[in-house]
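Down below is the structure, laid out as structure tokens.
The values are calculated or read from the model by the stated rules, or taken from the named source; none is laboratory data. Everything quoted here is computed from the prediction, not taken from an experiment. All Cβ positions, even for glycine, are placed from backbone atoms using ideal geometry, and neighbour counts span all protein chains on display.
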Amino acid sequence: MKLVVAVVQDKDSNFLQQALVDENYHATKLASTGGFLRSGNTTFIIGTEDHQVDALLELIKEHCHSRNQVISPISSLDANADGYMMHPVEVEVGGATVFVLDVDQFKHF
Amino acid sequence: MKLVVAVVQDKDSNFLQQALVDENYHATKLASTGGFLRSGNTTFIIGTEDHQVDALLELIKEHCHSRNQVISPISSLDANADGYMMHPVEVEVGGATVFVLDVDQFKHF
Amino acid sequence: MKLVVAVVQDKDSNFLQQALVDENYHATKLASTGGFLRSGNTTFIIGTEDHQVDALLELIKEHCHSRNQVISPISSLDANADGYMMHPVEVEVGGATVFVLDVDQFKHF
Ligand code: NI
Ligand code: NI
Ligand code: NI
């Protein structure tokens, strides 16, 4: 038995949550405050058999991977404004940090 | 030293919380959102000496075990309605999923 | 790789959070409800390399240690009241409980 702790960027957490439900994983979502060190994370804890760890990691990777996204800043300038150039900005979104922990004992009551 | 992670059904969490306080366990309750994968869980993390793990598991088992409960659906049909039978429904409530983790180092500052 | 779970008294959690950000630790703050067993804790989970564990524990100790604080009860008695002595009260504030866990696998997607 392993306990998988996955800190998932908010952008990806709903996709992962749905996938975990679909695949019948025993997952729990821990609440986050706005006060996250890296804003917008959700923490999942997922109990899983040793032989399912690789499949679970693959599932997380599939639904949560950091990638660059081009964001167009919303201009508040009207058509006649000059002197400002609004360039699209590339930012990194998504991704997950995952810790797999050994479980000494597992019980279900 | 062990770290016990207990995901407890909301129906049982208040009973367990009181029992943990009564027995002087060093327990912390992590907040949950409504967005739990299985709705209505509370996660406790509890630090405990190796020789107390069995007693703690027993305490959790005693206060959190899944059982069936018969629920009578509230009928919105008036006395004259026909064609619908409202049967009591049996649902599973309560219970806990518990992971016992080895602790490499424990510090209290 | 280690996963450090730190339950920190609220009085100290902002100081620790700032220090973790300043030192570039990969830390996540788990939300707490008012329903904590010991009121006013915040739980951090922090992934760290084995050789950085001592430095991290030192950082936590530096920013979170329990100490006594003298609190003067606010008297609602007016200057002419007699029969009541308002003594300053010494209470313990701050501190952290820290669990260092071995990590079987660590992934970043
Ligand atoms: Ni999907
Ligand atoms: Ni009881
Ligand atoms: Ni500082």
Pairs, first part of a strand (DSSP E or B) in segment C:82-97, second at pLDDT below 75 and not aliphatic (A, V, I, L, M), C-beta under 8 Å, six or more apart: C:Val89/C:Ser72; C:Val89/C:Pro73
Of the residues in segment C:90-109, those that are within 14 Å of chain A (Cβ to nearest Cβ) and of a type in the set (Ser, Thr, Tyr) number 0
Selection status of A:Gly47, over 14 Å from the mean Cα position of the chain (by Cα), crowded, with 16+ Cβ neighbours inside 10 Å and either assigned to a strand (DSSP E or B) or modelled with pLDDT under 85 (or both): yes
Which of the residues spanning segment C:40-55 are within 14 Å of C:Phe15 (Cα to Cα) and either touching a helix residue (DSSP H, G or I) at 6+ places or on another chain (Cβ under 7 Å) or more than 10 Å from chain B (Cβ to nearest Cβ) (or both)? C:Asn41, C:Thr42, C:Phe44
Leading residue by the ranking (surrounded by the most Cβ atoms within 10 Å (Cβ to Cβ)) among those in segment A:64-98 that are of a type in the set (S, T, N, Q) and at pLDDT below 80: A:Gln69
From the option list B:Lys61, B:Lys29, B:Lys11, single residue qualifying as at the interface with another protein chain (Cβ under 9 Å from one of its Cβ atoms) and either modelled with pLDDT under 90 or exposed (fewer than 13 other Cβ atoms within 10 Å of the Cβ) (or both) is B:Lys29
